[in-house]
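Worksheet: one structure, shown below.
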């Protein structure tokens, strides 16, 4: 098969970018794969079609596009300019790559493009709902109708968690229920593996030798709840490392300064590359994701777990799909710094429990969230809905002659 992926954001800096590049690469081991995205960095086993956008735009911000526009702030003409850029680039990719099926990331705007391509080329498409686009759909009705039309045309809709599915269905008043199948994101379990050498490199870089470490990684937005980790930092029995960037970073750095915190380290956005992330996940004794919104899933949580790191998380959105209380992590209530302190210190102060839960975290990812497993689910769908030659027209015989399906030759 030939599968074309359409991705809205760069391959690094967001959960959907991570999802898109790993899925394309894994499926590309067995099929011909191409991916269109506003990025120029190569993806293993996938042909790349970079798209140049008139301006960077995101749903809630993007660390690789600091100061980017938000979809809710776009003028009507800007929406058209963005759609036009995606459409022209996608049509060119379709003409050259000739896909059998298209897989769209995010509910809009690339689903609008896929619906147009369906009309022009009769190529089916499926859509993954990542969740970060849903608040925009709720707040800005300009995106609603065209997205509803595109979902109607899609063959399958894949929310990345049960919570994302319910949220999506609420927005569209229960429509598309029969098309939805939950398929979460995954982790490259061969690359996200505990690294002792990486552990030592982080120690040297940040001066953490011999100190317990608590890690957050992700976009620093109000939704991620980093504010409450900073609020907990003074009483945490270790160092707190904040990995990532975003619109809340400057404010939170100032807050930490005013609180007189000396155990908080700001690393920033690391950019592309698994090798840059694994050392931090490996060095962390505990990974904290204090989200205050309904997190669709949280791929950084899975990545940390794959590196034998137990997690402390909120019971929001799709997170419980991966985390089991007392087995591979602990839950805390959103906006509750005192519970973060309690659960983090429970792990930091009990080495045997921490090690066992870290082992369980790795086991959970291996069993349910490897990209091999995730890709296999998608491949079955692609095979079902891919554009195939009409068997009633012709078959190519082993001797090179072309014949109708009834076996009568029509040429050499």
Practice prompt. Look through segment 137-154, keep the residues that are more than 28 Å from residue 375 (Cβ to Cβ) and in contact with a helix residue (DSSP H, G or I) (Cβ under 8 Å, 6 or more places away or on another chain), and return whichever of them is surrounded by the fewest Cβ atoms within 10 Å (Cβ to Cβ).
Written response: 139
Fill in: Residue check, residue 219 assigned to a loop (DSSP other than H, G, I, E, B) and within 24 Å of the chain's Cα centre (by Cα)
yes
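Table: residues versus (1) touching a helix residue (DSSP H, G or I) at 6+ places or on another chain (Cβ under 6 Å); (2) touching a residue at least 12 places away in the same chain (Cβ under 8 Å); (3) outside the structural domain of residue 18 (by TED's automatic domain parsing).
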position	(1), (2), (3)
293	yes, yes, yes
302	yes, yes, yes
305	yes, yes, yes
311	yes, yes, yes
325	no, no, yes
328	yes, yes, yes
336	no, yes, yes
340	yes, yes, yes
348	no, yes, yes
Worksheet item: Does any residue of segment 100-120 turn out to be surrounded by fewer than 17 Cβ atoms within 10 Å (Cβ to Cβ) and touching a residue at least 60 places away in the same chain (Cβ under 8 Å)?
Response: no
Worksheet entry | Criterion: modelled with pLDDT of 95 or more and over 21 Å from residue 115 (Cα atoms) - qualifying residue of 36, 23 | 23
Fill in: Selection within segment 265-294 - in contact with a strand residue (DSSP E or B) (Cβ under 6 Å, 6 or more places away or on another chain) and part of a strand (DSSP E or B)
265, 266, 267, 286, 287, 288, 289
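Yes/no matrix, rows are residues, columns are (1) at pLDDT 95 or above; (2) buried (at least 23 other Cβ atoms within 10 Å of the Cβ):
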residue	(1), (2)
294	no, no
299	no, yes
304	yes, yes
311	yes, yes
317	no, no
338	yes, no
347	yes, yes
350	yes, no
379	yes, no
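The values are calculated or read from the model by the stated rules, or taken from the named source; none is laboratory data. Note that the coordinates shown come from a computational prediction; the quantities given were computed from them, not determined experimentally. Note: ideal-geometry Cβ built from the backbone for every residue, glycine included; neighbour counts use all protein chains shown.
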